[in-house]
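Shown next, in structure tokens, is the structure this report addresses.
None of the figures in this text is laboratory data; all of them are computed from the coordinates on show. Please read these numbers as outputs of a predicted model, since none were measured by experiment. Cβ atoms come from the backbone with ideal geometry, glycine included; neighbour counts cover every protein chain shown.
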């Protein structure tokens, strides 16, 4: 007899959410995944991109599926905070700004349609209003703004994962701080072998290993997904600049081409005690094919050229950042062929996959995890649960 009914492999944002939703409806749930390493620079095992303090959350989105996933998740933030006693959501609002040309114009047009359908109450701001409302920015003269004040801002991904795990454990889930190395379907259940030497069995397993999904023997065949490196830059703020940027919303600066888009997080205090303003972009370092390549990337401070680009963009948009100490870091985006998460069964009817954040999923991770739980409990997703959009592609 298997040890568990269900094992979720990967204790990140999607996996922790799946474990919470599963354990709310059934017993026999286990969540397997290592904790955050004490020293990022020397750790040789897997990482997670949720090792961070701030990710943008908003409903305003040019893709109606992602807009819906976000809204379903955002509506449950309060419930998760209340049940866990852990606060992770800051309602700072979210500002989109751009000149309405090229990619920016197309995105805004689609996002406004979704916002109207979902009743988001997004406010369109002309140039004069934009300058008055957000004086911390020095935006180009042809930029307009689109501001979502309510149910938008940023989430603390570390705290959100901690909250999901805490609630799942209270509901009876077992959290195993191990790293899955090999999964196979056998006549007596699905076996999950870990790097620590343990073997756990379950009736069904769902793999939520993010960018590391294809980097170990976790699936019968790999999913069609690229793990790509992204660079982030941090400006350390003194007290005067904390006050200056204190009312800043989460911000996305659209552009005519994807590589010129940047996102900006308002001041957030990090575990080292300092307050940082973070900026990142859409430029990719390239595919990371192996565990060694991914670990080496996480050990790095990003791509020097992208660091310089982001510094220049930040200073052009926020000149008051001049003179701030600057550091940089790295994370990994999991990009699927469909542009949506993969949620479905593999070639085995007992091994499923839940992965592919596409660099926009942190805010939506609770609903994505819920859909993973639905897949295990019901055997399939429905049209309302985006069955077609979430269908995995294998190679």
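Taking packing as the residue-averaged number of other Cβ atoms within 10 angstrom, the listed peptides 366-378, 39-51 run from highest to lowest as 366-378, 39-51. Peptides 277-289, 380-392 ranked from most to least packed by the mean count of surrounding Cβ atoms within 10 Å: 277-289, 380-392. Exposure proxy for 324, 331: other Cβ atoms within 10 Å of each Cβ, ordered fewest to most, give 324, 331.
Residue separation of residue 24 and residue 186 scaled by 0.36 nm, minus their Cα-Cα distance, works out to 55.6 nm of gained length.
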